[in-house]
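The values are calculated or read from the model by the stated rules, or taken from the named source; none is laboratory data. Bear in mind that the values here come from a model prediction, so they are computed numbers and not experimental data. No Cβ is skipped: glycine too gets one built from the backbone with ideal geometry, and neighbour counts run over all protein chains shown. Ligands, DNA and RNA are excluded from the accessible area calculation, which covers all protein heavy atoms including side chains. Shrake-Rupley method; radii C 1.70, N 1.55, O 1.52, S 1.80 Å.
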Amino acid sequence: MSDISTHFPDYLAGYRETPCPFWSGNSAPRPLQSSTITPPSTQPRQWQDRPYFCDNLARLCEEHLGGRVSDITFPGGSDRSACLVRWEDGRTAIASFRGETGRARLEERVLHHLNQYAAPVPNVLFFNGIVMLQETLVGERLSTLLANADAPARHIVLASALSSLHQIHLAAAQAGIDQAVPVIGGEEDWIARHIRQLRKIGDAFDIPVPALDKASLQDILLPLKPRLVKWDARPGNAMVDAAGKVSWFDWEHCGARNRLDDLVWLLCDESVPFCSTTEQALLTEFVPLFADGAPLEVAHRYAAVAGVLHCTARLGLILHKQQGEEGWWDRQEILDYDYIGVTLPQAQQLCARAADWASREPLVASLVPWFADVAGHIETL
């Protein structure tokens with residue numbers, strides 16, 4: 001198992017090049033309901049983590065948004081690219097930093113245009129090409145909520161999450177940005193590598209993968225009608241407020257592809273407890289909304305194939321991480337820091353979900369017993 005490989009970083013991105021700035025010009029900073037902007041304070045402050053970074057960020061925030069920053073913390077860990085900024089007057093914002101300027105510009109512009117149509121995404125308060133300040137979404141991460149909910153409650157919150165993604169798709173169409181973002185996952189070699197993930201896992205466990213009609217699978221997955229998708233629509237990237245509204249953050253990987261991809265990313269994540277009955281009901285209700293004009297039979301076939309392969313991609317990443325120095329990870333730490341779900345139950349439930357989804361589509365139905373064999377081998381790790 002030590003040589004198991006995964007293309008998941010490429011799968012997440014969906015494209016290899018840095019997207020160009022599809023829109024020109026900067027939007028003006030939008031103040032945080034603030035008082036009059038005053039010169040930054042020079043009084044020294046004590047920071048718990050990364051003091052030089054926090055000093056520079058505090059000065060930047062005060063220069064452009066006024067007030068005095070009282071605290072900067074890193075809820076996801078000090079090695080993450082996002083932090084929480086708190087002002088003395090009670091205001092807060094999330095500061096994030098992107099390693100690629102093109103993606104940072106893409107994220108800011110997409111959020112700006114989606115907000116014009118009341119999409120459930122955060123407002124951008126300030127952006128200078130490197131630093132982005134967004135409004136703080138209040139509530140609980142969807143992944144944490146799902147982990148602690150019973151089956152009926154999970155059904156309700158997943159339905160709300162899918163409804164919010166559908167609302168975002170409609171807002172993107174209204175804003176006219178479906179063709180203003182880069183196409184992702186459209187190259188035939190990317191789709192082929194996506195399918196090959198099955199063989200990689202099979203080779204690692206010495207469980208041959210059943211023969212598949214790869215040409216037909218590639219034809220099904222080819223996005224002939226690309227539209228805006230979040231792409232990284234994991235439960236860890238969604239916040240649920242007290243009223244049950246689901247909002248989506250972290251848009252650096254967005255692009256244009258099949259709208260059903262967002263449904264697949266959500267339902268086939270390892271942080272979603274597996275329940276065949278719930279998922280079948282959600283597919284029946286929401287595949288028509290995400291089909292984007294495709295016949296229902298075609299849309300359900302796409303969802304089944306893409307879902308099986310997405311489960312495989314997540315499983316490959318989990319197994320790759322598990323073979324590191326730490327073995328299986330702590331479940332609570334995964335929830336606290338939104339880590340990949342490197343636990344035995346989550347790996348096995350991905351196998352169960354993939355088998356269940358495969359059973360619905362003849363092109364991948366031969367994988368049902370194969371996933372059962374993989375789940376058994378995982379238990380020996």
With the requirement that a residue be buried (at least 16 other Cβ atoms within 10 Å of the Cβ) and among the small types (Gly, Ala, Ser), what does the range 65-75 give you? GLY66, GLY67
Test ALA93 against the criterion of being in a strand (DSSP E or B), in contact with a strand residue (DSSP E or B) (Cβ under 7 Å, 6 or more places away or on another chain) and either of a type outside the set (Val, Ile, Thr) or touching a residue at least 24 places away in the same chain (Cβ under 8 Å) (or both), and give yes or no. yes
In the range 289-311, residues that are aliphatic (A, V, I, L, M) and outside any helix (DSSP H, G or I) total 2
Evaluate the range 140-155: report whether one residue or more is closer than 18 Å to GLY236 by Cα, free of Cβ contacts under 8 Å to residues at least 60 places away in the same chain and either in a helix (DSSP H, G or I) or open to solvent by less than 10 Å² (accessible area, probe 1.4 Å) (or both). yes
Please work out if ASP292 is in contact with a strand residue (DSSP E or B) (Cβ under 8 Å, 6 or more places away or on another chain) and either open to solvent by less than 70 Å² (accessible area, probe 1.4 Å) or under 26 Å from GLN218 (Cβ atoms) (or both). yes
Could you give every pair whose Cβ atoms fall below 9 Å, whose first residue belongs to the range 287-306 and is in contact (Cβ under 8 Å) with a residue 40 or more places away in the chain and at positive phi, and whose second residue is open to solvent by less than 30 Å² (accessible area, probe 1.4 Å) and not in a helix (DSSP H, G or I), counting only separations of at least 6 or pairs across chains? ASP292/ARG259
Do we have ARG86 as modelled with pLDDT of 90 or more, open to solvent by 80 Å² or more (accessible area, probe 1.4 Å) and in a strand (DSSP E or B) here? yes
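Conditions (1) touching an Asp or Glu at 6+ places or on another chain (Cβ under 9 Å); (2) of a type outside the set (Asp, Glu); (3) within 25 Å of LYS200 (Cβ to Cβ), marked per residue:
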residue: GLU270; (1), (2), (3): no, no, yes
residue: HIS310; (1), (2), (3): yes, yes, yes
residue: ILE318; (1), (2), (3): yes, yes, yes
residue: LEU350; (1), (2), (3): yes, yes, yes
residue: ALA358; (1), (2), (3): no, yes, yes
Looking at ASP269, ASP213 in this structure, which one is of a type in the set (Asp, Glu) and surrounded by fewer than 23 Cβ atoms within 10 Å (Cβ to Cβ)? ASP213
If we keep only residues of the range 245-265 that are out of contact with any strand residue (DSSP E or B) (no Cβ under 8 Å at 6 or more places or on another chain) and aliphatic (A, V, I, L, M), then the residue surrounded by the most Cβ atoms within 10 Å (Cβ to Cβ) is LEU263
The number of residues in the range 331-381 that are among the acidic types (Asp, Glu), touching a helix residue (DSSP H, G or I) at 6+ places or on another chain (Cβ under 9 Å) and over 24 Å from THR277 (Cβ atoms) is 4
